[in-house]
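Everything below concerns the one structure shown next.
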Amino acid sequence: MSLLRRPLPFLRELEEAWGPVCAMPGRRPRTVFAFGPEEARQVLTGRAFVSDSFRHLRLPPGSPMMLLTSGLLRLNGTLHRKHRQAMQHAFSPRHVTVYTDTIVRFADEMLDGWKPGATVDLHEELARLVTRISLATMAGLENPESARRLNDKMVELAAAAGNPLTAVLQLPLPGTPFRRMTRIAAEIEAILRELIAARRSGTAGPDLLSRMTVLEDGETERLDDEELVGEAYTALCHDSVAASLFWTLTLLDQHREWWEKLRAEVAEVVGDAEPGPEALIRMPVLDQVVKESVRLMPPAGFGVRYADTGAEINGRPVPKGAMAIVSSFVTHRDAAVFPEPLRFRPERWETAQPAQHEYFPFGLGQHNCIGRNLALLESKLVLTRIMQRAPVVLPAGTVVNPVVRISTVPDGCVRAVVTAPGGEAPKASRVAGTINDIITLPDLP
């Protein structure tokens, strides 16, 4: 229940009390926690640990929620390789740059409504933007009403699936979050099937859904509709990008020296021009800020694997079927790798060279995030455009309480004040809330 109600503080408390690896119950554990870098590597890259998202929910085969969650995060072995190969070209470092104009254009449309002095619901605005971008880049659709409709459904589904009662009371009884999750999943499935049908009847475009549905010269096999439903949901579920943008902007607000450094770098490198991939390469401050932000607040604070036959950690056997929990949120706070681990210190990335298993904000091993290149491009382009056109700050009295849905997001509305580009920002005020339990923020009024 602690893991469901307050996962991030709970995981930190476990690591502090029991060290880099622990289990419960002690004799034949059903749950193993691998917090140390080496222990995390063994779980995330070991073939005896399998991925099976949402195994804790008893989902009927063929049900909408089962279909939506039957993508890469649930698959293993040959089937996983088939799906990943069908998707990997659309997410390659070279290919994702074709989405640059779309990302900047939609960011500009959002920022057109951000007037100096106005306040905006920061995470909500970013979530809607990211959904529009993902619909266009992943499904080739740009209709804002379609994006808003799908975004609202995905937010509702994340809230219902992440509700602790969903795991405890897995019955479709009236008024329960489990029943709400089932209903919303069916509605999302219907939307995705419409998108798939539209792409099958068209010609191949640069978007992911086209590449997975329309056969190209020399190809004889594509994913079927059921497989596409799961992967389309996986591809469109970019809430992690919106979450990362929110936490980066929040950390910049609380560390105004970096807010000013980034704004100055953007002005020097890009000026008023639209940013592109070549400009991002020449922005070390932006790179350091993003790396440090996802170190402190990785898109997914923890992940789950399940032990198969022969699974072990540090030479000790893990019972088959046991759940192994790995947390980049905890591992990234290893003081031996990252001095002053609870502080936002982008300057550490001038020299820091952590190993892959010491810093893995996008996962590790064969189930690492296939969309990391697009996520980083999207985050950097949107951050740059915000600093160019409408830098935001948090007003005095702001409360920020991180909660885990699918990604780590703020609980409730967090309003930000839009400032004029190039103008003087109001003085920073320290935010209140449980963010102070997991990050050491500067002493501010």
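Readers should treat all values here as calculations from the given coordinates under stated rules, not as data from a laboratory. For clarity, every value in this text was computed on a predicted model and none was experimentally measured. Virtual Cβ from ideal backbone geometry, glycine too; neighbours counted across all protein chains shown.
Look at the dipole of region 2-437 built from charges on Cβ: of Gln85, Val130, Leu169, the Cα furthest out on the positive end belongs to Leu169.
Ordering Ser53, Ala279, Ala355 by Cα displacement along the dipole of the chain toward the positive end leaves Ser53 in first place; charges were set at the Cβ atoms of Lys, Arg (+1) and Asp, Glu (-1).
Rounded to the nearest 20 debye, what is the charge dipole size of the chain about its Cα centre when +1 sits on each Lys and Arg Cβ and -1 on each Asp and Glu Cβ? Don't skip to the answer; put the middle values down first.
Working: 51 positive and 53 negative charges, 281 e Å.
Around 1360 debye, computed over the chain.
Modelled spin-label separation between Asp225 and Val337, with each label point placed 7 Å from Cα along the Cα-to-Cβ direction: 4.5 nm. Between Met387, Met323, Met110, the Gaussian network model of the chain with springs among Cα atoms under 10 angstrom shows the greatest mean-square fluctuation at Met110.
Extents of region 1-99, taken as max minus min of Cα coordinates on every principal axis and listed largest first, are 47, 36, 27 Å.
Is the shape of region 178-334 rounded, prolate or oblate, going by the alpha carbon gyration tensor and its root eigenvalues a ≥ b ≥ c, with a/c under 1.5 for rounded and a/b larger than b/c for prolate? It comes out oblate by the Cα gyration axes. Take every pair of alpha-carbon atoms less than 8 Å apart whose residues are at least six positions apart; their mean separation over the length of the chain yields a relative contact order of 25 percent.
For a straight C-alpha distance cut-off of 17 angstrom, the aspartates and glutamates reachable from Lys320 (same-chain residues fewer than eight places away being disregarded) are Asp52, Asp308, Glu312.
Taking a ≥ b ≥ c as the square roots of the eigenvalues of the Cα gyration tensor of region 355-445, is the shape rounded (a/c under 1.5), prolate (a/b larger than b/c) or oblate? The partial results should precede the final answer.
Values: a/c = 2.26, a/b = 1.42, b/c = 1.60.
Taking the square roots of the gyration eigenvalues as a ≥ b ≥ c, region 355-445 is oblate.
Each helix, a run of at least 4 DSSP H residues, gives -39500 (n - 2.57); summed and divided by the residues of the chain, these come to -14500 deg cm²/dmol at 222 nm.
Of the cross-linked pairs Lys82/Lys380; Lys115/Lys291; Lys115/Lys380; Lys261/Lys380; Lys261/Lys427, which ones have a Cα-Cα span greater than 25 Å in the structure shown? Mind dumping the intermediate values first?
Details: Lys82/Lys380 30 Å; Lys115/Lys291 29 Å; Lys115/Lys380 22 Å; Lys261/Lys380 15 Å; Lys261/Lys427 16 Å.
The answer is Lys82/Lys380; Lys115/Lys291.
Peptides 173-179, 71-77 ranked from most to least packed give 71-77, 173-179, packing being the mean of other C-beta atoms within 10 angstrom over each peptide's residues. Structure remark: mean-square fluctuation, Gaussian network model of the chain, C-alpha springs under 10 Å; the largest value among Trp18, Trp247, Trp259 belongs to Trp18. Summary value for region 219-332: 22 percent relative contact order, contacts being C-alpha pairs under 8 angstrom separated by 6+ residues.
How many angstrom lie between the Cα centre of region 91-127 and the Cα centre of region 349-404? With region 91-127 and region 349-404 each reduced to a Cα centre, they are spaced 15 Å.
Give the relative contact order (percent, whole number) for region 349-432; include only Cα pairs under 8 Å separated by 6+ residues. Intermediate results must be reported in sequence, preceding the final value.
Values: 72 pairs, mean separation 23.2, N = 84.
Once normalised by length, the contact order is 28 percent.
Can you give the translational diffusion coefficient of the chain in µm²/s, computed by Stokes-Einstein from the Kirkwood radius over Cα pairs at 37 °C and 0.692 mPa s?
Values: Rh = 22.7 Å.
My calculation gives 145 µm²/s for D.
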